[in-house]
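Have a look at the structure below, then the notes.
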Amino acid sequence: MVLQAGLDEVTRFVEGADPPSSPGATPARQVLAAIAWHLRVGGAWRALPAGFPTWRTVYGWFRRWIEKGLFEDPMRNLARRQRQRCGRRPEPRLAIVDTQSIKCIGVRGPRSYDGAKKLVGRKRVALVDAWDWDCPSLVDTDTNSH
């Protein structure tokens, strides 16, 4: 569960980086609490409980913040601090690459044929360090090029 102090810290960061344009906007703390609940429980956005803002509001803010890249720097800094806390260097020297082919229909988006698994689908790439922390800045997102 997200600690209240951590939620307050993230709220201050988000409000400073992307302040609401109108005074009547939904408070960022409520939106972040709903996002934290959704990430913890999973499921559809429409399934947010009644105590949170409407799912459209929460999802709209979530998409806006993701598109602006608001969470990338804090997550990278968190990984650096965690690595240093464990007595490691802030930046990893070694990374492990893993690819997965996911079977999908060709309705939308890129897909390709994976000859090893003999399936048509999308390929995703995960790059992690030895402690299983993501290294997103090192990933080439064009995974369908052969």
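The values are calculated or read from the model by the stated rules, or taken from the named source; none is laboratory data. Given the structure is predicted, the values throughout are model-derived calculations rather than measurements. Note: ideal-geometry Cβ built from the backbone for every residue, glycine included; neighbour counts use all protein chains shown. These accessible areas exclude ligands, DNA and RNA; they are computed on the full protein's heavy atoms, side chains included. Shrake-Rupley method; radii C 1.70, N 1.55, O 1.52, S 1.80 Å.
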Checklist entry - Which one of these does Arg46 not meet: (1) open to solvent by 50 Å² or more (accessible area, probe 1.4 Å); (2) not in a helix (DSSP H, G or I)? => result (2)
Checklist entry - open to solvent by less than 70 Å² (accessible area, probe 1.4 Å), β-branched (Val, Ile, Thr) and within 25 Å of Arg124 (Cβ to Cβ), is that true of Ile96? => result no
Checklist entry - Residue check: is Ala79 open to solvent by less than 50 Å² (accessible area, probe 1.4 Å), assigned to a strand (DSSP E or B) and modelled with pLDDT of 75 or more? => result no
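When you scan the range 50-72, how many residues do you find that are open to solvent by less than 50 Å² (accessible area, probe 1.4 Å), within 12 Å of Val31 (Cα to Cα) and not small (Gly, Ala, Ser)?
Keep residues of the range 50-72 that are open to solvent by less than 50 Å² (accessible area, probe 1.4 Å), which gives 53, 57-58, 60-62, 65, 69-70.
Narrowing the set further to residues that are within 12 Å of Val31 (Cα to Cα) leaves 53, 57-58, 60-62, 65.
Subsequent filtering for residues that are not small (Gly, Ala, Ser) retains 53, 57-58, 61-62, 65.
Total meeting the criteria: 6.
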Checklist outcome for this item: Note on the range 13-33: residues open to solvent by 60 Å² or more (accessible area, probe 1.4 Å) and under 19 Å from the mean Cα position of the chain (by Cα) are Phe13, Glu15, Arg29, Gln30
Item to check | In the range 1-56, the residues that are closer than 23 Å to Glu72 by Cβ and of a type in the set (Phe, Trp, Tyr) | outcome: Phe13, Trp37, Trp45
Checklist entry - Does the range 34-43 contain any residue that is more than 17 Å from the chain's Cα centre (by Cα) and surrounded by 10 or more Cβ atoms within 10 Å (Cβ to Cβ)? => result no
Checklist outcome for this item: When restricted to Ala79, Ala95, the only residue in contact with a Leu (Cβ under 6 Å, 6 or more places away or on another chain) and in contact (Cβ under 8 Å) with a residue 40 or more places away in the chain is Ala95
